[in-house]
Amino acid sequence: MLKLHTLVGVTALALSLTACDFFSTQWEAKDGACRAISSENTVMAAIQHDRIAFMELEPGCPSNLDILGSRFTEIKINGNRYAAMMVCNDATHNRNITTIGTLKMAVKERAALAALSVKAAAEFTGIFGAKVALEGQTARFYRGNFASVCPQYLPRLTLADLKQSLKTTQQQSHLPQAHVAAEKPTPPPSPVELTPEIYQQALERAQSTYLLSHPGTNLNDMAWEEIHRPDQERNGQMMRMLRYTTFNPATGITSDVDVEIAPDGTVGYSINKDRPSPAAPVTAPPPPPSPEDRTINAFCMLDNGKSVSVYATEGRDYHYTYRDKNDRPELELVEGLFGVKAFHYFAPFGMGTAHYIRFNKGTYDYVLLSTDNGRQAFQGVRAYNNGNLIASHECTTPLSLNTEHLPKNDHFDTEKMGDYLLY
């Protein structure tokens, strides 16, 4: 009943999330929460007084859910780990919702849950916002107008929690000094004994987690070795750790699956780690890129009837030309003339890659961009003034822009600028 009661709150949040505008690019206050869509348009964040939740916009529930469509998991925000609960069922329209905090914290440890949510909410206030790692994907939430819209919705300790904390402090301060010195701290409750049922649940969790990384594997041909690992602290609790090691004869890969067991015997978060394969025989390095690979002469027609071209090569100044509908130069930029600077950038991007060449003159930036993350693609030119997008035109003809083999010298742009332009 406790778990069902907790899921009611998560489900109510899910229904309000699914009724929103998925393509909002700013933080907005709606339905009692402060919400925003990730820069990749794949995940929505919702911040309320008592919870922080992330909903994946693409329908589809993960495996290894219990009968109510939930399980424990973990979220990383800016690299910091947070215990969380995942829910995906008919009530959430089969969209995966992950909420900061575990079932036990939500029901029995309200103050601890509030403190955890306060810490998580602070992650969004940095200059670059929050980078959230969910199971299987990463979502970026920039700060934007967070400071002006969200403060009234940020998680906080309730008045009852504060009064209880103050009462405890006052009671301790009025104890006689000798009595205080003699008083022994109450030891934490002893963890329950691991029963065969708990071991069986842990093994099932390990096998389900393994299948997330190796879908379609036939587990009947695989043996599982159980090893007790040292306890680890997670959010103020000492979790017992079980490791299940298995070998897949079909792939030749050995995997370790670590499973956390809470002091009350609840099977919690688990993670699969494949061991490195034996080193492959040393082969000759690939030949260096040819001079043609280190030269870019890109051109495309734009959706406004105009055209853009860029020339870039090692050891020479980069050129940018924007022509009108009559093929007359409307804007020409040459690196080094009149304060013009030029940069290039390459990075893996989702399921694809991203390439661009940026020309800067004063407060203006002109970026010839080619990106494909497996879900969305863009080829064209974008113009910025003081970092704000003022124009964007897509190519109507193929754009051949491959900056991967350009040298990472003074022309290579910074990762912060790259993240800003790509996301």
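The values are calculated or read from the model by the stated rules, or taken from the named source; none is laboratory data. These figures come from a predicted structure and were not determined experimentally. Every residue, glycine as well, gets a Cβ built from its backbone with ideal geometry; the counts of neighbours run over all protein chains shown. The area values use the complete protein model at the heavy-atom level, side chains included, leaving out ligands, DNA and RNA. Shrake-Rupley method; radii C 1.70, N 1.55, O 1.52, S 1.80 Å.
Give just the number: which of (1) at pLDDT below 90; (2) within 29 Å of L211 (Cα to Cα); (3) touching a Lys or Arg at 6+ places or on another chain (Cβ under 6 Å) does S39 not satisfy?
Looking at each condition in turn, S39 falls short on (2).
Out of L399, L406, report the one residue that is in a loop (DSSP other than H, G, I, E, B), open to solvent by less than 70 Å² (accessible area, probe 1.4 Å) and within 26 Å of K325 (Cα to Cα).
After applying the criteria, what remains is L399.
Hey, among S392, S370, which residue is crowded, with 16+ Cβ neighbours inside 10 Å and of a type in the set (G, A, S)?
S370
Need the failing condition index for Y269 against (1) of a type outside the set (V, I, T); (2) open to solvent by 50 Å² or more (accessible area, probe 1.4 Å); (3) modelled with pLDDT under 90, just the number.
Going through the list (1) of a type outside the set (V, I, T); (2) open to solvent by 50 Å² or more (accessible area, probe 1.4 Å); (3) modelled with pLDDT under 90, Y269 breaks only (2).
Quick one: in segment 205-224, which of the residues that are within 32 Å of the chain's Cα centre (by Cα) and over 20 Å from G136 (Cβ atoms) is modelled with the highest pLDDT?
Per the stated criteria, the residue is W224.
Just a yes or no: is a residue in segment 244-254 under 28 Å from the mean Cα position of the chain (by Cα), part of a strand (DSSP E or B) and exposed (fewer than 15 other Cβ atoms within 10 Å of the Cβ)?
Checked against the condition, which is being under 28 Å from the mean Cα position of the chain (by Cα), part of a strand (DSSP E or B) and exposed (fewer than 15 other Cβ atoms within 10 Å of the Cβ), segment 244-254 yields at least one hit.
Could you check segment 409-419 and list, in sequence order, the residues that are surrounded by fewer than 15 Cβ atoms within 10 Å (Cβ to Cβ) and not β-branched (V, I, T)?
N409, D410, E415, K416
What residue, among those in segment 56-91 that are hydroxyl-bearing (S, T, Y) and open to solvent by less than 40 Å² (accessible area, probe 1.4 Å), is nearest to G136 (Cα to Cα)?
Checking each candidate, the answer is T73.
Going by the structure shown, is L368 outside any loop (DSSP other than H, G, I, E, B), free of Cβ contacts under 8 Å to residues at least 60 places away in the same chain and touching a strand residue (DSSP E or B) at 6+ places or on another chain (Cβ under 8 Å)?
No: the conditions fail for L368.
Which ones in segment 409-418 are under 10 Å from Y345 (Cα atoms) and assigned to a loop (DSSP other than H, G, I, E, B)?
As a first pass, look at segment 409-418 and keep what is under 10 Å from Y345 (Cα atoms): 411-415, 417-418.
Passing the criteria: H411, D413, T414.
Among the residues of segment 294-308 satisfying the criterion of being open to solvent by 30 Å² or more (accessible area, probe 1.4 Å) and part of a strand (DSSP E or B), which is modelled with the lowest pLDDT?
The qualifying residue modelled with the lowest pLDDT is T295.
Do you know which of the residues in segment 373-389 that are aliphatic (A, V, I, L, M) and touching a Phe, Trp or Tyr at 6+ places or on another chain (Cβ under 7 Å) is surrounded by the fewest Cβ atoms within 10 Å (Cβ to Cβ)?
By that ranking, first place goes to A383.
What's the total number of residues in segment 63-87 that are part of a loop (DSSP other than H, G, I, E, B) and out of contact with any Gly (no Cβ under 8 Å at 6 or more places or on another chain)?
Selection size over segment 63-87: 8.
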